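Colleague: Just passing along the structure, written as structure tokens.
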Amino acid sequence: MHPIVEQITQQIEERSRSRRTVYLQRVQIALEQGRNNAHGCSNLAHVMAAQPTDQRLIMRQGGAAHVAIISSYNDMLSAHAPLKNYPDQLKQALYRYGASAQFAAGVPAMCDGVTQGTPGMQLSLFSRDLIAQATAIGLTHGVFDGALYLGVCDKIVPGLLIGALHFGHLPAVFVPAGPMSSGLSNPEKAAVRERYAAGEVSRIELLEAELAAYHEPGTCTFYGTANSNQMLMEAMGLHVPGSAFVPPTSALRHALTDEAARLLVNNTEHGGRHLPLAMQVDAKALVNGAVALLASGGSTNHSLHLPAIAKAAGYELTWDDLATLSSVVPLLAQVYPNGSADVNQFHAAGGVAWLLGELLDAGLLHEDVYTVAGKGLRDYSLEPYLQEQKLSWRALAEQVLPEHILRSRQAPFAAHSGLHLLAGNLGRAVLKTSAVAEKFWQIKAPARVFDCEADALAAYSAGQLQGDLVLVLRFQGPAANGMPELHKLIPILANLQANGQKVALITDGRLSGASGKVLAALHVTPEAAKGGLLCRLQDGDLIEVDATLGVLHVHVSEAQLALRSAAPAPTNNAQGYGLQLFAAQRRWVGPADQGASFLLED
């Protein structure tokens, strides 16, 4: 093992010892209770009332697994549309293995792509914890021996996993759906967006480009949070090996989904080996997930999700852990927005299997971990295939790597994976450089300060963003307005940068995996709404951002800053969208560097 990876793993275990002990004690109590022993005949009759006769027989006789299916299916999200028929398919597969199953809960799933730039985006991050709660509601009936979790996109998979970990006595398998086929390339789509922001193409032309990019069921093909989720599930051993990026409609995808049912049954107390989720998700698994995300240039959203997931498993994982790992984990993949390739090209080049194999060989991943497949993480360096309609796995064929997509550990795209921790008098922030040209990694320039995204866009349209500048967008943190993603800023800042201006973004909001080519200090903590120094900044303040040195600093004296009044948080005038229902979440949500969660834990 690489000594730094080993060291970070040990530090997580040591600082979390008390919390993890309490968590495992709760799991042990649940294991000893098994299915809810308070159920009487009336309770069980309600459970079986709508079940077919054959399923009732299995459930009444006992001695066989009864499985929960938790799904985020809806047909508005292209990534989740393929999940429509999964419950029936999984029930049939489970029945073949002597198990019964019920669709226990559907969890909400919203699309950040649809809600970009609208008030609905203010609910996006909060949806993660709500999904965790909805998962718990489905499982709280207490009649299940294991669960299958169906989900793909941004907050959905982390939410499902957080909810599942609160039922950590149950075995779990996560079931993905795969990406849509490649349409208009991601670089071409981004170029049209930038030209539209510059007024060079019409809205009709922009819509045609977007429709050509997002054109059928399946995950979006860029490497944002949704596809980073799939990498995370593979590296943590929670998927059927190799299932992340197989196309939704293929025969191989169908076989992998059936295999999820078989593995889940095998991992219950009625199967060949009993593997509760709590035993599987330990410090090694968390570090494996972090390393794989870093090596692949994954979404900055996971600097929020990984601490929240870790907390649900009884661990404390910090931004400092991620930054230290990032300094020794090389960048081995470039998938848009970090490069020109999409996830289908990445998968065809060897994808997850190649990447995990390379990281294992480099000693950057823990191989000796429990996985749903049961043999250690090396299984995830193999690729699945069909041999006479039977699912099998094989080693990747020897090949010349497409060096614009994948690189070996001996010749990486960068020795540093690209996730940086910034610190200074403005607070702490995360910054990703994997898509930013190195000449743009440092800036010292006057601030242009805005309190809402619309005002920044209006200033650009009016030609008011002149010269080198650091665009500060504050009051976008979790307590202010739910921490929305701010993708609409990237095209305008990219245009300014292309025109010769040095620019950067500082915000207590988010950008996710699509942060792109502009230097962006994200998730600034403490946020403006909680008294962070962002609320005292003014236009013209000289701000320094340095990715290499980890600097986030405003060159104004402490005395002068102390004399300034804090800017008041803007009134949220958005009507509708259910925002008022989430007032409690805004009130109780924790800081970004602790996962930005509103779930209060012991």
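Colleague: Among what's in the range 416-442 and is assigned to a loop (DSSP other than H, G, I, E, B) and either β-branched (V, I, T) or more than 23 Å from the chain's Cα centre (by Cα) (or both), pick the residue that is farthest from P384 (Cα to Cα). I'd like the intermediate steps shown before the answer.
Modeller: Applying the first criterion (assigned to a loop (DSSP other than H, G, I, E, B)) to the range 416-442 yields 416-418, 425-426, 433-437, 441.
Going one step further and asking which of them are either β-branched (V, I, T) or more than 23 Å from the chain's Cα centre (by Cα) (or both), we end up with 425-426, 433, 436-437, 441.
Numbers: N425: 50, L426: 48, T433: 33, V436: 34, A437: 36, W441: 40 Å.
Going through the qualifying residues, I end up with N425.
Colleague: Suppose we filter A349, A310, A292 for residues that are in contact (Cβ under 8 Å) with a residue 24 or more places away in the chain, surrounded by fewer than 24 Cβ atoms within 10 Å (Cβ to Cβ), touching a Leu at 6+ places or on another chain (Cβ under 7 Å) and not aromatic (F, W, Y); which single one remains? Talk me through it step by step, then tell me what you get.
Modeller: Values: A310 fails: surrounded by fewer than 24 Cβ atoms within 10 Å (Cβ to Cβ); A292 fails: surrounded by fewer than 24 Cβ atoms within 10 Å (Cβ to Cβ).
On inspection, the qualifying residue turns out to be A349.
Colleague: Still on this structure: Which residues, taken from the range 16-55, are charged (D, E, K, R) and in the same structural domain as P171 (by TED's automatic domain parsing)?
Modeller: Taking the range 16-55 first, the residues charged (D, E, K, R) are 17, 19-20, 26, 32, 35, 54.
Within the range 16-55, R17, R19, R20, R26, E32, R35 meet the criteria.
Colleague: Oh, and also: Hey, Q497 hits all of (1) in a helix (DSSP H, G or I); (2) under 25 Å from A567 (Cα atoms); (3) out of contact with any Asp or Glu (no Cβ under 8 Å at 6 or more places or on another chain) but one; which does it fall short on?
Modeller: (2)
Colleague: Hey, does the range 520-530 have a residue that's in a loop (DSSP other than H, G, I, E, B), surrounded by 21 or more Cβ atoms within 10 Å (Cβ to Cβ), assigned by TED's automatic domain parsing to the domain that holds E438 and modelled with pLDDT of 95 or more?
Modeller: Yes.
Colleague: Another one. Could you tell me whether A190 is at pLDDT below 90 and either closer than 26 Å to A295 by Cα or in the same structural domain as E269 (by TED's automatic domain parsing) (or both)? First the steps, then the outcome.
Modeller: Numbers: at pLDDT below 90: yes; either closer than 26 Å to A295 by Cα or in the same structural domain as E269 (by TED's automatic domain parsing) (or both): yes.
Judged against the criteria, A190 is a match.
One line per residue, one yes/no per condition, for (1) among the small types (G, A, S); (2) in the same structural domain as G98 (by TED's automatic domain parsing); (3) in contact with a Ser or Thr (Cβ under 9 Å, 6 or more places away or on another chain):
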site	(1), (2), (3)
L232	no, yes, no
G237	yes, yes, yes
R253	no, yes, yes
D258	no, yes, no
A261	yes, yes, no
R273	no, yes, no
A292	yes, yes, no
S296	yes, yes, yes
L322	no, yes, yes
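Colleague: Mind checking which pairs have a first residue in the range 172-194 that is free of Cβ contacts under 8 Å to residues at least 24 places away in the same chain and a second that is buried (at least 22 other Cβ atoms within 10 Å of the Cβ) and outside any helix (DSSP H, G or I), Cβ under 7 Å, 6 or more apart or different chains?
Modeller: Filtered contacts from the range 172-194: no entries.
Colleague: Could you list, in sequence order, all residues of the range 359-368 that are in a loop (DSSP other than H, G, I, E, B) and in contact (Cβ under 8 Å) with a residue 60 or more places away in the chain? Steps first, please.
Modeller: If we filter the range 359-368 for residues that are in a loop (DSSP other than H, G, I, E, B), which is where we start, we get 362-368.
Result: A362, G363, L364, L365, H366, D368.
Colleague: When you scan the range 134-172, how many residues do you find that are closer than 19 Å to S228 by Cβ and among the aromatic types (F, W, Y)?
Modeller: Residues that pass the stated criteria total 1.
Colleague: Residue check, T371 against (1) part of a loop (DSSP other than H, G, I, E, B); (2) not assigned by TED's automatic domain parsing to the domain that holds A278, all met but one. Which one?
Modeller: Here T371 meets the rest and fails (2).
Colleague: Name the residues in the range 375-408 that are surrounded by 15 or more Cβ atoms within 10 Å (Cβ to Cβ), in contact with a helix residue (DSSP H, G or I) (Cβ under 9 Å, 6 or more places away or on another chain) and small (G, A, S), would you?
Modeller: Result: S381, single match.
Colleague: A further question follows. Only one of T135, T140, T118 is hydroxyl-bearing (S, T, Y), under 27 Å from H270 (Cα atoms) and out of contact with any helix residue (DSSP H, G or I) (no Cβ under 6 Å at 6 or more places or on another chain); which?
Modeller: Details: T135 fails: out of contact with any helix residue (DSSP H, G or I) (no Cβ under 6 Å at 6 or more places or on another chain); T118 fails: under 27 Å from H270 (Cα atoms).
After ruling out the rest, the residue left standing is T140.
Colleague: Then there's this: Checking the conditions here, which among E216, E234, E200 is closer than 30 Å to A172 by Cβ, in a loop (DSSP other than H, G, I, E, B) and of a type in the set (D, E)?
Modeller: Details: E234 fails: in a loop (DSSP other than H, G, I, E, B); E200 fails: closer than 30 Å to A172 by Cβ.
Residue meeting the stated conditions: E216.
Colleague: Next question, about the same structure. Counting only residues that are within 36 Å of the chain's Cα centre (by Cα) and surrounded by fewer than 12 Cβ atoms within 10 Å (Cβ to Cβ), how many does the range 38-79 have?
Modeller: Matching residues across the range 38-79 total 3.
Colleague: Out of all the residues in the range 474-481, is one or more outside any helix (DSSP H, G or I), without any contact (Cβ under 8 Å) to a residue 60 or more places away in the chain, polar (S, T, N, Q) and buried (at least 23 other Cβ atoms within 10 Å of the Cβ)?
Modeller: Let us first name the residues in the range 474-481 that are outside any helix (DSSP H, G or I), namely 474-477.
Now narrow it down to the ones that are without any contact (Cβ under 8 Å) to a residue 60 or more places away in the chain: 476.
Now narrow it down to the ones that are polar (S, T, N, Q): 476.
Those still in the list that are buried (at least 23 other Cβ atoms within 10 Å of the Cβ) too: 476.
Yes, the range 474-481 contains at least one residue that is outside any helix (DSSP H, G or I), without any contact (Cβ under 8 Å) to a residue 60 or more places away in the chain, polar (S, T, N, Q) and buried (at least 23 other Cβ atoms within 10 Å of the Cβ).
Colleague: Check A323 against each of (1) at pLDDT 95 or above; (2) small (G, A, S); (3) touching a helix residue (DSSP H, G or I) at 6+ places or on another chain (Cβ under 8 Å) and name the one condition it does not meet.
Modeller: Result: A323 fails condition (3) only.
Colleague: Over 30 Å from D508 (Cβ atoms), assigned by TED's automatic domain parsing to the domain that holds L24 and either at pLDDT below 95 or over 15 Å from the mean Cα position of the chain (by Cα) (or both): does that describe A278?
Modeller: yes
Colleague: Looking for something closer than 30 Å to V281 by Cα, crowded, with 18+ Cβ neighbours inside 10 Å and either under 23 Å from the mean Cα position of the chain (by Cα) or not charged (D, E, K, R) (or both) - is there at least one such residue anywhere in the range 204-218? Break it down into steps so the answer makes sense when it comes.
Modeller: Step one: list which residues in the range 204-218 are closer than 30 Å to V281 by Cα, which gives 218.
Keeping just the survivors that are crowded, with 18+ Cβ neighbours inside 10 Å gives 218.
After this cut, where a residue has to be either under 23 Å from the mean Cα position of the chain (by Cα) or not charged (D, E, K, R) (or both) as well, the list is 218.
Within the range 204-218, one or more residues are closer than 30 Å to V281 by Cα, crowded, with 18+ Cβ neighbours inside 10 Å and either under 23 Å from the mean Cα position of the chain (by Cα) or not charged (D, E, K, R) (or both).
Colleague: If you don't mind, there's one more thing I want to ask. Consider the range 457-473. How many of its residues are surrounded by fewer than 24 Cβ atoms within 10 Å (Cβ to Cβ) and within 18 Å of V545 (Cβ to Cβ)?
Modeller: Restricting attention to the range 457-473, the residues satisfying the condition of being surrounded by fewer than 24 Cβ atoms within 10 Å (Cβ to Cβ) are 457-469, 473.
After this cut, where a residue has to be within 18 Å of V545 (Cβ to Cβ) as well, the list is 465, 467-469, 473.
Result for the range 457-473: 5.
Colleague: Could you go through the range 132-145 and let me know if any residue there is surrounded by 24 or more Cβ atoms within 10 Å (Cβ to Cβ), closer than 30 Å to M59 by Cβ, more than 19 Å from the chain's Cα centre (by Cα) and small (G, A, S).
Modeller: no
Colleague: Now for a different question. Is it the case that L486 is at pLDDT 95 or above, assigned by TED's automatic domain parsing to the domain that holds F582 and within 29 Å of G339 (Cα to Cα)?
Modeller: Working: at pLDDT 95 or above: no; assigned by TED's automatic domain parsing to the domain that holds F582: yes; within 29 Å of G339 (Cα to Cα): yes.
It is false that L486 is at pLDDT 95 or above, assigned by TED's automatic domain parsing to the domain that holds F582 and within 29 Å of G339 (Cα to Cα).
Colleague: Tell me the residue from Q133, Q122, Q116 that is more than 22 Å from G178 (Cα to Cα), modelled with pLDDT of 95 or more and polar (S, T, N, Q), please. Talk me through it step by step, then tell me what you get.
Modeller: Values: Q122 fails: modelled with pLDDT of 95 or more; Q116 fails: modelled with pLDDT of 95 or more.
Result: Q133 is the single residue among Q133, Q122, Q116 that is more than 22 Å from G178 (Cα to Cα), modelled with pLDDT of 95 or more and polar (S, T, N, Q).
Colleague: Only residues in the range 251-280 that are touching a residue at least 24 places away in the same chain (Cβ under 8 Å) count as the first member; pair them with residues that are among the polar types (S, T, N, Q) and in a helix (DSSP H, G or I), Cβ under 8 angstrom, at least 6 apart or cross-chain, and list the lot.
Modeller: H254/Q89; T257/Q89; D258/Q89; R273/N266
Colleague: Name the residue, out of R510, R564, that is more than 24 Å from T300 (Cβ to Cβ) and touching a residue at least 12 places away in the same chain (Cβ under 8 Å).
Modeller: R564
The values are calculated or read from the model by the stated rules, or taken from the named source; none is laboratory data. As the structure is a computational prediction, the values presented were derived from the model and not from experiment. Glycine also receives a Cβ, built like all others from the backbone with ideal geometry; neighbour counts cover every protein chain displayed.
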